[in-house]
1. Take every DSSP beta bridge whose two residues both sit in the chain, then give the antiparallel share in percent to the nearest 5.
2. What's the ranking of 271-279, 247-255, 385-393 by average number of surrounding C-beta atoms within 10 Å, highest first?
3. If you fit an axis through the alpha-carbon atoms of helix 326-354 and take the longest principal axis of the Cα set of the chain, what angle between them do you get, 0 to 90°, nearest 10?
4. Go ahead and estimate [θ] at 222 nm for the chain from helices alone: -39,500 (n - 2.57) per DSSP H run with n ≥ 4, summed, over the residue count, rounded to 500.
5. Multiply the residue separation of residue 2 and residue 151 by 0.36 nm, subtract the distance between their alpha-carbon atoms, and state the gained length in nm to one decimal.
6. Using the alpha-carbon atoms, what tilt in degrees (0 to 90, nearest 10) does helix 239-275 show relative to the longest principal axis of the chain?
7. Please order 99, 312, 171 by the number of other Cβ within 10 Å, starting at the fewest.
8. Full-extension gain between residue 279 and residue 302, please, as 0.36 nm times their residue separation minus the C-alpha to C-alpha distance.
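Computed from the coordinates by the stated procedures, all read-outs in this text should not be read as laboratory data. Bear in mind that the values here come from a model prediction, so they are computed numbers and not experimental data. Cβ: placed from backbone, ideal geometry, glycine included. Neighbour counts: every protein chain shown.
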């Protein structure tokens, strides 16, 4: 494994960073407060750059690099998150490219031809749709179910706390959705399929979140919704396992978003503490500040390396299924997902404190970053404590931890 980015990866990183600085930073506050949505013209610019195609094969309109797909995706999200600290644009993007990756791996040819070119062009949104009103981490006990007919499913149920419900309805696209096609078999009777947001019988609601104001969160209600079987990922009844694989890919990108935002917040805090004079000396010269910055920087750099390893492991897994066990990948990715959002919140908080009263105002972007990162502390793509369960289970073994289930998910 090479710890440095390749020449091509470094070039892509710089390209996305320049784009983020020029196109995202100047409008970040407007996205969060004034517009409370992501401009469609911004999505078009990102698509023209190739951002939404990093995980999509060329034959479907993308620019995925075989064997390096998740590494390029990680780089992309990290840089976007540096530019838009509210987390709205990074999350929109990571959902599209992360779940496009899974669709490209397991979708039918017909579904890939229909959906992936639209995602690559920025025309359609693609998200994940597993959480229900009763909870999101125990996916084995979802209630959404379907009657299986020859060429379609008839679906009934409800999903909650789903990102992109408004965008998929207004712009097109949909969500990869887990449901039980044979409820008698529990999670072994679950199927994973693409659900168009505008499928007849589907209604949606939008919630009011504390952060990520530019990206909608809400729920879906399904009443006798017909979903063609061409939209299945993998096989009928195997959806739980594919969904779990997908969460590892998604957690790489979530971690990248949190670390990108954390890196930018740390730079803001560092630069301010260097120029802020108190008691005749720079704030950064006090050990209470400089040591905390050093600790945050150390944790950030270690997690960035761990995440680079995780992305590399996933790329190798899809090239050669014998490269790593799923348990090895689970542990690595869950370490990143458990710690990256927490670190992002801590660094944003620390930087706000260096700014004193100024840090509590909206004249800095730090409070946006704190609100946005909190969404990934509390649960999205698996909450903090859920990741600890996964790490303990896959390191100690099922018999050594109080919770023995394998159904820990979103």
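1. 85 percent
2. Packing order, densest peptide first, comes out as 247-255, 385-393, 271-279.
3. For helix 326-354, the angle is close to 40 degrees.
4. Result for the chain, helices only: -16500 deg cm²/dmol.
5. Stretched fully, the residue 2-residue 151 segment lengthens by 48.9 nm.
6. 10 degrees
7. 171, 312, 99
8. Gain on extension, residue 279 to residue 302, equals 4.9 nm.
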